[in-house]
Amino acid sequence: MTTQHQGSCLCQAVKFSLSGDFTSFFLCHCSRCQKDTGSVHAANLFAPEATLNWLQGETSVTTYQHANTRHSKSFCKHCGSALPTVAASIGCVVVPAGCLDSEVTIAPTAKIFVKSCASWAKNLNAVPSYDGLPEE
Ligand SMILES: [Zn+2]
Ligand SMILES: [Zn+2]
């Protein structure tokens, strides 16, 4: 039986389901992913031969294809949240982990393009952690 996954964007205009299994989960530190996420790395799950169904808001989904590369990003045009992309070139649905509402059941497979890792992100284990906002 194939696994069912559900997800949505921050403003809830877009909801989707995905039928299939994730076979890899990459944390990509490349410079394009830093721009596209505004953060240190993308966290993308790969589901070959999976079926993506937009449950609502498909017309709110925009896909940016970076010229002359395989880098693309789908997002909600209202709230900007990352959403899945059907990557026909690699026969795969690429799902940003953060847009899933169902539990992510596989651990990250690898950190990739770490040579491009932002200098500020090289020693994050040393940064103090809080469950919520820091106490005053
Ligand atoms: Zn949205
Ligand atoms: Zn990348």
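Might you let me know whether region 120-136 holds any residue that is within 16 Å of ligand 2 (Cβ to nearest atom), farther than 11 Å from Asn44 by Cβ and either surrounded by fewer than 16 Cβ atoms within 10 Å (Cβ to Cβ) or touching a residue at least 60 places away in the same chain (Cβ under 8 Å) (or both)? Among the residues of region 120-136, at least one is within 16 Å of ligand 2 (Cβ to nearest atom), farther than 11 Å from Asn44 by Cβ and either surrounded by fewer than 16 Cβ atoms within 10 Å (Cβ to Cβ) or touching a residue at least 60 places away in the same chain (Cβ under 8 Å) (or both), which makes the answer yes.
Look at region 30-70 and say how many of its residues are of a type in the set (A, V, I, L, M), touching a residue at least 24 places away in the same chain (Cβ under 8 Å), out of contact with any helix residue (DSSP H, G or I) (no Cβ under 9 Å at 6 or more places or on another chain) and away from ligand 1 (no atom under 16 Å from the Cβ). Explain how you work it out, then say what you get.
To start, the set of residues in region 30-70 that are of a type in the set (A, V, I, L, M) comprises 40, 42-43, 45, 47, 50, 52, 55, 61, 67.
From what is left, the residues that are touching a residue at least 24 places away in the same chain (Cβ under 8 Å) are 40, 42-43, 45, 47, 50, 52, 55, 61.
After this cut, where a residue has to be out of contact with any helix residue (DSSP H, G or I) (no Cβ under 9 Å at 6 or more places or on another chain) as well, the list is 47, 50, 52, 55, 61.
Checking the rest, the ones that are also away from ligand 1 (no atom under 16 Å from the Cβ) come to 47, 50, 52.
Counting residues in region 30-70 that are of a type in the set (A, V, I, L, M), touching a residue at least 24 places away in the same chain (Cβ under 8 Å), out of contact with any helix residue (DSSP H, G or I) (no Cβ under 9 Å at 6 or more places or on another chain) and away from ligand 1 (no atom under 16 Å from the Cβ) gives 3.
What do you reckon, is Cys11 within 12 Å of the chain's Cα centre (by Cα) and in contact (Cβ under 8 Å) with a residue 12 or more places away in the chain?
On the way: within 12 Å of the chain's Cα centre (by Cα): no; in contact (Cβ under 8 Å) with a residue 12 or more places away in the chain: yes.
Spelling it out, it is not the case that Cys11 is within 12 Å of the chain's Cα centre (by Cα) and in contact (Cβ under 8 Å) with a residue 12 or more places away in the chain.
So is Ala121 modelled with pLDDT of 95 or more and more than 14 Å from Ser8 (Cα to Cα) or not? No; evaluated as a whole, the condition is false for this residue.
Which of the strands (runs of 3 or more DSSP E) found entirely inside region 1-103 contain at least 3 residues meeting this: more than 16 Å from ligand 2 (Cβ to nearest atom), more than 23 Å from Cys117 (Cα to Cα) and open to solvent by less than 60 Å² (accessible area, probe 1.4 Å)?
Because the criterion is at least 3 residues that are more than 16 Å from ligand 2 (Cβ to nearest atom), more than 23 Å from Cys117 (Cα to Cα) and open to solvent by less than 60 Å² (accessible area, probe 1.4 Å), the strands (runs of 3 or more DSSP E) in region 1-103 that meet it are 4-8, 15-19.
Being over 29 Å from Trp120 (Cβ atoms), at pLDDT below 95 and out of contact with any Leu (no Cβ under 8 Å at 6 or more places or on another chain) narrows it down to one residue among Thr3, Thr23; which is it?
Details: Thr23 fails: at pLDDT below 95.
Only one candidate qualifies: Thr3.
The values are calculated or read from the model by the stated rules, or taken from the named source; none is laboratory data. These numbers come from a predicted model, not from an experiment. Every residue, glycine among them, receives a Cβ derived from its backbone with ideal geometry; neighbour counts consider all protein chains shown. Ligands, DNA and RNA are excluded from the accessible area calculation, which covers all protein heavy atoms including side chains. Shrake-Rupley method; radii C 1.70, N 1.55, O 1.52, S 1.80 Å.
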